Amino acid sequence: MNKYGYQFSFGPWNISEGGDPFGPAVRPSVPFATKLAALKELGYDAMQFHDDDAVPDLHDLGPAAIAKEARAMRQLLADHGLVAEFVAPRLWEHPSTIDGGFTANDPAIRTYARERAKKTADIGRELGTNLMVLWLAREGTYLREAKDAVKATHLLLDTVNMLLDYDKDLRIAIEPKPNEPMDMAYLPTIGHAVAMGFQAKDPARVGALVESAHAVLAGLDPSDEMAFALAFDKLWSVHLNDQNGLKFDQDRAFGAVDLRRAFNQVRVLDENRFWEKGMVGLDVKALRTQPADVATKHLRNSLALFLRLVEVSRNLDRSQVEALRASRDYEELDWLILNALTGR
Ligand code: XUL
Ligand code: MN
């Protein structure tokens with residue numbers, strides 16, 4: 001915890017081997033224990049998990065064995081003074097989920113996906129977190145005719161309701177993303193996620209996670225996506241990072257591409273006391289070019305930049321901002337912000 005009250009998290013996938021669709025890994029994989037130590041050393045407070053990050057062999061284990069492994073993970077975290085922020089079902093790698101999980105056309109696959117998500121909830125309970133993130137990776141299509149989009153929407157809602165019934169403590173944060181791996185995803189924006197939450201059987205337990213890069217890929221401003229969720233008390237986590245235009249999901253270090261866009265995310269979060277509502281996750285990846293012995297600097301930079309931008313935001317002359325809004329002198333407001341961002 002820092003003096004501003006924010007808690008920070010990242011996931012094991014944020015210290016990665018640098019493979020991309022055109023080339024293999026370029027760095028050795030880092031053992032989980034080393035990642036935990038790095039998390040602590042870099043000033044982070046919590047680890048994010050996919051279900052199989054916490055219990056790697058979950059496919060081969062029964063409920064008791066899964067619970068035992070998850071409890072051991074919780075102890076390991078506690079030994080480092082850390083906690084788990086959330087668990088997310090990884091429904092995009094297993095051969096069963098080629099056509100998606102909850103919206104797959106094959107009912108047997110839909111059953112697989114639901115059973116897996118229940119296991120994820122069980123793992124979260126043992127890890128000491130009631131937050132489940134649903135990044136609905138393959139819940140979409142490569143071609144529009146492949147699935148019935150209305151039916152798919154109801155299948156997603158039914159899944160959310162099923163999970164709310166299954167675990168009465170569970171809170172679900174939907175992490176929308178418009179594309180990649182699919183051409184088109186069924187829940188591409190925060191508006192979709194929030195609408196799904198309001199329609200669920202217990203709306204108070206369904207919220208959202210905004211990832212900066214995903215908002216940019218949807219052609220939207222991440223700070224507005226955050227503000228929309230905040231307006232309805234639905235922003236329960238964020239994945240801050242950066243993204244250079246409409247390309248593949250880059251997960252660049254926070255603020256590395258567009259400092260002002262980063263500033264506005266921090267400003268909106270800070271103006272709305274986000275530190276009381278959720279953790280600040282940094283879903284960032286080291287560049288493929290980064291040598292292995294210095295491949296955590298993206299995490300260092302992202303956290304430090306976030307805190308610097310909190311300072312910039314808190315030091316803004318708010319009465320001047322209000323006066324410039326009232327006089328509609330947005331050019332002067334522009335200058336005020338640019339001065340603040342350049343240390344003047
Ligand atoms: C994918 C992505 C995921 C989720 C967690 O783009 O952001 O890492 O954040 O499943
Ligand atoms: Mn993410």
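The values are calculated or read from the model by the stated rules, or taken from the named source; none is laboratory data. Everything numeric in this text was worked out from a predicted model, so none of it was measured. With ideal geometry, Cβ positions are generated from the backbone for all residues, glycine too; neighbour counts draw on all protein chains shown. These accessible areas exclude ligands, DNA and RNA; they are computed on the full protein's heavy atoms, side chains included. Shrake-Rupley method; radii C 1.70, N 1.55, O 1.52, S 1.80 Å.
The table below lists the values:
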| item | result |
| --- | --- |
| Residue among THR129, THR120, THR103 that is among the β-branched types (Val, Ile, Thr), part of a loop (DSSP other than H, G, I, E, B), surrounded by 18 or more Cβ atoms within 10 Å (Cβ to Cβ) and within 16 Å of ligand 1 (Cβ to nearest atom) | THR129 |
| Residue pairs meeting the criteria (Cβ under 8 Å; at least 6 apart or on separate chains; first closer than 26 Å to HIS80 by Cβ, in the range 18-34; second in a helix (DSSP H, G or I)) | ARG27/ALA292; PRO28/ALA292; VAL30/ALA38; PHE32/PRO12; PHE32/ASP53; ALA33/LEU76 |
| Residue, farthest from ligand 1 (Cβ to nearest atom), within the range 157-182, restricted to residues that are open to solvent by 30 Å² or more (accessible area, probe 1.4 Å), outside any loop (DSSP other than H, G, I, E, B) and charged (D, E, K, R) | ASP165 |
| The range 91-100: number of residues that are buried (at least 20 other Cβ atoms within 10 Å of the Cβ) and either of a type in the set (A, V, I, L, M, F, W, C) or within 16 Å of ligand 2 (Cβ to nearest atom) (or both) | 1 |
| Single condition ALA323 does not satisfy, out of (1) in contact (Cβ under 8 Å) with a residue 24 or more places away in the chain; (2) outside any loop (DSSP other than H, G, I, E, B); (3) closer than 25 Å to ALA231 by Cβ | (1) |
| Subset of the range 243-297 [among the aromatic types (Phe, Trp, Tyr) and either away from ligand 2 (no atom under 16 Å from the Cβ) or surrounded by fewer than 18 Cβ atoms within 10 Å (Cβ to Cβ) (or both)] | PHE248, PHE263, PHE274, TRP275 |
| Total residues in the range 1-47, condition over 21 Å from ARG90 (Cβ atoms), among the hydrophobic types (A, V, I, L, M, F, W, C) and part of a loop (DSSP other than H, G, I, E, B) | 4 |
| Residue count for the range 19-59, restricted to those that are small (Gly, Ala, Ser), away from ligand 1 (no atom under 16 Å from the Cβ) and closer than 20 Å to HIS239 by Cβ | 2 |
| Any hit, the range 309-316, residues being at pLDDT 95 or above, among the aliphatic types (A, V, I, L, M) and assigned to a loop (DSSP other than H, G, I, E, B) | yes |
| Subset tally (residues that are within 16 Å of ligand 1 (Cβ to nearest atom) and surrounded by fewer than 21 Cβ atoms within 10 Å (Cβ to Cβ)) for the range 193-212 | 0 |
| Residue among GLN250, GLN265 that alone is farther than 25 Å from ALA149 by Cβ, of a type in the set (S, T, N, Q) and not in a loop (DSSP other than H, G, I, E, B) | GLN265 |
| Matching residues, the range 31-54, being aliphatic (A, V, I, L, M) and surrounded by fewer than 17 Cβ atoms within 10 Å (Cβ to Cβ) | ALA33, ALA37 |
| Residue check for ALA215: within 16 Å of ligand 1 (Cβ to nearest atom), part of a strand (DSSP E or B) and touching a helix residue (DSSP H, G or I) at 6+ places or on another chain (Cβ under 6 Å) | no |
